[in-house]
Structures are given as structure tokens and as C-alpha cells.
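*Asks:* One structure, pasted below without further comment.
Readers should treat all values here as calculations from the given coordinates under stated rules, not as data from a laboratory. This one's a predicted model, so the numbers in the text were calculated from it and none came from an experiment. In this analysis, Cβ positions are derived from the backbone assuming ideal geometry, glycine residues included, and neighbour counts consider all displayed protein chains.
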Amino acid sequence: MHSYDYDLFVIGGGSGGVRAARISAGHGARVGLCEESRLGGTCVIRGCVPKKLMVFASQFSEAFEDAAGYGWTVGETRFDWNALVEAKEREITRLEGVYGRMLEAAGVTVHEGRGRVVDAHTVQVGERRFTAETILVAVGGRPTRLDIPGAELGIVSDDAFDLPEQPKDLLIVGGGYIAVEFAGIFNGLGTKVTVAYRGDRILRGFDDDIRRVVDAGMRQRGVDIRTEVCPARLERADDGRIEVTYTDDTTGTYDQVFFATGRSPYVGDLGLEDAGVELGWNGHVQVDGDSRSSVDSIFAVGDVTDRVQLTPVALAEGHAFADTQFGEMPRQADHEHVPSAVFSQPPAASVGFAEHEARERFDPLRVYRSEFTPMRYTLAGRQEKALMKILVEDASDRVVGLHVVGPDAGEIVQGFAVAVRAGLTKADFDRTIGIHPTSAEELVTMRVPVDTGQ
């Protein structure tokens, strides 16, 4: 006789939760899962997938412009916002169905509703209670707004995919990857975009050269980037638009104000503290290397732990949890040298350390950097520069950081991430023959460092 309803109960049907549920069930565990919204979570429903589809849509305007340089005559073009929204919705609905079928095939029982932890072995979903030997919290995060008067008049990323109409002018508040990605999307679709960021330059935390080159590329495309300023209050104007008063006492009026000011763990009314789970400074679940919380039977993976907020990391954490707890294959997710991409315009991607981080750890450090006009822009007359950058620990010759800005940056870095993870040296890069003509060949042909010390 089983003393619990389930061996594992997962709260949250996003990437990390679904992966953990499926793999655990595959190892023979009896698994239940609850989701209050739609299977797929942030990534599939209101994040990575619809955002990337909109990035693709926004890039056609630039392609139409560049086509003339290659001999094409492009006739009158017109963009239909509602057609894009409807097409996007069809695709995420299809993917939602895929997630449901995967869980069903794995033998996972899905319950609709918000889960709440009652105690170390009990979860309440609606009016029903379920017991489980192990509970996994995978509820992700939610976007935040500034705490200013009138903030409720603005939207967040969850809202941006389904606006009833495309704004003619848009203020995006924030300078992180979500802000710059949506700035590129709406700018490419024809919206006049202003970015207001309280810092001195967008993409804080990224390598400074990435920040500089992406900033320049966005400005060249017509995005108005205002730094060291942010909204102080929002008010509804007589014409229905939103009037913004900034911290420097300037004002502006926009169809929409989009807060891209960070995300917080979605732990409200989850019952974790009452169950004895220790939470961190912003509400995140504090876990050890095995994703175990301060309560032995309660684990957490993904954005709710505020370790590395990326979908592939949540997948890796969920898989490692399942293998360790139910597969007799103990292992931990590795959070070092996680590659990441910003689908900005121009796009950027990185793996390893940013230069400011590397200089704190490696002495001396060799820096290789190349900036050039990508070949695809030459006939189009576009003056935008691409960036290729490699950081090398001088003592070992090991490549410890790699950064790219330009066309296909994410695709390029995904391949080179294997080399950086494997600890390959600059000599290994130098012995590799490049594919010509490509932008990526720069990463194996740079021979002279631009900086050889501190």
C-alpha cells in the first residue's frame, strides 16, 4: 500500500516542471502535476517562443530595405498586427497540446489550478488535497512594474503578445534583455520606440563591448535610448494616451508604456514559508546543489530559485532532479559557462565570463577583438558593425569567455559553447580552419591580442 497519493507532485507546468515530471515518471515514479494557466509556462506561452516568432516578423522590414542593394525591387508592403497575433496564438496552442500529450504519454496526471503547499507532503489544488512523498516547486517568475504612481496604466511582457492593436509609439522602461528584445520587435514592426533606462548603458551585466555594439546598432535602427532616467509617474491623458513624467522632470506621451523592469519569483500565496521553506531576499526558494529546499521533501527548479533564469537551465535542473531522486543516477545541474543569447537587433550571444568578470579572476588576461561590417550588409549599404571577442587566461591559454554581436550570434555561440565548456585553448582555436566566407571564422583567425595584461 502506498502511503501517499503520488511519489512526486509538481507545482507548475512550465519547462522545468514538465521535464522533471516526465523523466521522473519514466523512472517509474507516480507523478501528479498542477498548472493554473496553460501547459508550457512562460517560455512557450508568454516568453521565448512567441517572442522569437515576433523577432522573425520584425526582421522583414529590414530585409525589404536591404533587398534593393541586391537587385530586388520590392513593392508596397503592409504589416497586419492582428494577423501576426493570430498566427502566434495558433502556434503556441499547438505547442501547448504537445506538452499535454507528452505528459499523458509519460503517465503524469495533470490537475488544473493553482497549487498551494499545505505541509511537507501535501499540496492543495482548488478544493482538493493531494499527498506526495516529494514536492517539486516549479512556478517560475512574473514580470514586475516600477512602484510609482500610475504604474497600473502600463503593460508588462505577458501583455505585449496580445495587444488589441499595435501602438504607434511605445515607451519601454528598462535596459535588460527583455527591454532591448521588445524594442527591436516593435521598432521593426513600425512602432516609434523609446527606451528609458536608469543605468548608464543597456544590458547591465553583459560584456561592455556587447553593451556598446548593441546600443549603437539599436540607435542606428531608430530606437531612441534614454539613459540615467526613468518614469516618476504615469497619468491618463485626455485623448486616452499615457503621459509620462520622468525623473528629470521632462515629459512624454505614448500609446503604451511597457515595464521591462525585471521578474520576481511567483511565490505569492504558495504557502512555502508556512511549510518551513526558507525564501531569499526577493522571495526565491533557497536550494542546494540538488535543488532541495530547507524542507527535505520539498525541491524547486527554474526561475523560482533565481539561479540562472533561462529555459534550458530549468530543463537541466528538472532533469537532474528526476535522475537523482527517482533514477538512481545522482547528479547536479552545472551552472558554470551557461551560454546565453539576446535576440535584440542586432543580436548578441555569450558564453563564459564577461571581460570585467574575467579580469577579477585571471591575471594576466589576453583579449582578442574584431569589429567589422558583416558581408551581408555590404551591398545593402548598411554600416552596422559586428563584434567577435575572445578572452584567454594567459597562464593556461584557455578560452574563458567568448562574445558575439551580429547576424546569427546565437547560432554561432551555441557551437562555440561546446569548445569553451570543454576547456579548449586559444591554440586549439588557432588550429581550427575557418569556414569562408563567414562571420564566425573570425573566432578562429584572430591572432594578435588587443590587450595582453591588466
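*Asks:* Using label points projected 7 Å from each Cα along Cα→Cβ, tell me how many nm separate Asp239 and Leu379, to one decimal.
*Replies:* That separation, rounded to one decimal, is 4.3 nm.
*Asks:* OK, next. Which helices pass in the chain if a helix is a full DSSP H run, must span at least 15 angstrom along its long axis by Cα, and must have mean Kyte-Doolittle hydropathy not below 0.0? Show your work: numbers first, answer last.
*Replies:* Numbers: long enough: 15-26 (17 Å, 0.19); 48-67 (28 Å, 0.27); 81-106 (38 Å, -0.33); 177-188 (16 Å, 1.11); 208-220 (18 Å, -0.87); 311-326 (22 Å, 0.23); 409-421 (17 Å, 1.00).
Helix filter hits for the chain: 15-26, 48-67, 177-188, 311-326, 409-421.
*Asks:* Let me ask another. I'd like the distance between the alpha-carbon centres of segment 49-75 and segment 205-278, rounded to an integer number of Å.
*Replies:* Using only Cα atoms, the two centres lie 27 Å from each other.
*Asks:* Which distance in Å, rounded to a whole number, links the C-alpha centroids of segment 79-123 and segment 381-398?
*Replies:* About 40 Å separates the Cα centre of segment 79-123 from the one of segment 381-398.
*Asks:* Dipole size in debye (nearest 20) for the chain around its Cα centre, Lys and Arg Cβ +1, Asp and Glu Cβ -1? Show your work: numbers first, answer last.
*Replies:* Working: 48 positive and 70 negative charges, 161 e Å.
Its charge dipole is roughly 780 debye.
*Asks:* Do any cysteines of the chain lack a neighbour Cys whose Cβ is under 4.7 Å away, and which are they?
*Replies:* Cys34, Cys230
*Asks:* Net charge within 14 Å of Tyr4 by Cβ-Cβ distance, Lys/Arg positive one each and Asp/Glu negative one each, not counting Tyr4 itself?
*Replies:* Working: positive: Arg30, Arg129; negative: Asp5, Asp7, Asp119, Glu133.
Spelling it out: positives minus negatives among the neighbours equals -2.
*Asks:* So what's the Cα pair-distance distribution over segment 151-261, bin width 10 Å, in %?
*Replies:* 14, 50, 30, 4, 0
*Asks:* How many angstrom lie between the Cα centre of segment 2-30 and the Cα centre of segment 129-199?
*Replies:* The two parts, judged by their Cα centres, are 30 Å apart.
*Asks:* Given an 8 Å cut-off on Cα distances and at least 6 residues of separation, report the relative contact order of segment 346-444 as a percent.
*Replies:* 30 percent
*Asks:* Further, regarding this structure: With an 8 Å Cα cut-off and a minimum separation of 6 or more residues, compute the relative contact order for the chain in percent. Walk me through the intermediate numbers first.
*Replies:* Numbers: 976 pairs, mean separation 71.5, N = 454.
Reported as a whole number, the value is 16 percent.
*Asks:* Given the rule -39500 (n - 2.57) for each run of at least 4 DSSP H residues, summed and divided by the residues of the chain, what is its mean residue ellipticity at 222 nm, to the nearest 500 deg cm²/dmol?
*Replies:* On the way: 12 runs with 139 residues, N = 454.
The helix contribution divided over the chain gives -9500 deg cm²/dmol.
*Asks:* Just checking my list (i) 70, 59, 43; (ii) 98, 61, 43; (iii) 73, 65, 43 against Cα extents along the principal axes in Å computed from this structure; which label fits?
*Replies:* Among (i) 70, 59, 43; (ii) 98, 61, 43; (iii) 73, 65, 43, the one derived from this structure is (iii).
*Asks:* Distance cut-off 25 Å, Cα to Cα: go down the list Lys192/Lys389; Lys52/Lys168; Lys52/Lys426; Lys88/Lys192 and report the pairs above it. Before the final figure, lay out the partial values.
*Replies:* Details: Lys192/Lys389 32 Å; Lys52/Lys168 21 Å; Lys52/Lys426 33 Å; Lys88/Lys192 22 Å.
Pairs exceeding the cut-off: Lys192/Lys389; Lys52/Lys426.
*Asks:* Based on DSSP, what percent of beta bridges with both residues in the chain are antiparallel, to the nearest 5? Write down the numbers at each step before the final one.
*Replies:* Values: 47 of 77 bridges.
Looking only at bridges with both residues in the chain, the antiparallel portion is about 60 percent.
*Asks:* Let me ask something else about it. For the pair Arg361 and Thr452, how long in nm is the line joining their label points, each one 7 Å along Cα→Cβ?
*Replies:* So the label points at Arg361 and Thr452 sit 2.5 nm apart.
*Asks:* Quote the relative contact order of segment 151-261 in percent (integer), defining contacts as alpha-carbon pairs under 8 Å separated by 6+ residues. All intermediate terms of the calculation are to be shown ahead of the outcome.
*Replies:* On the way: 206 pairs, mean separation 39.7, N = 111.
Reported as a whole number, the value is 36 percent.
*Asks:* If you don't mind, there's one more thing I want to ask. For Arg101 and Glu278, FRET efficiency with R0 = 45 Å and r from the beta-carbon atoms, rounded to 0.05?
*Replies:* Working: r = 37 Å, r/R0 = 0.82.
Taking R0 as 45 Å, the efficiency between Glu278 and Arg101 is 0.75.
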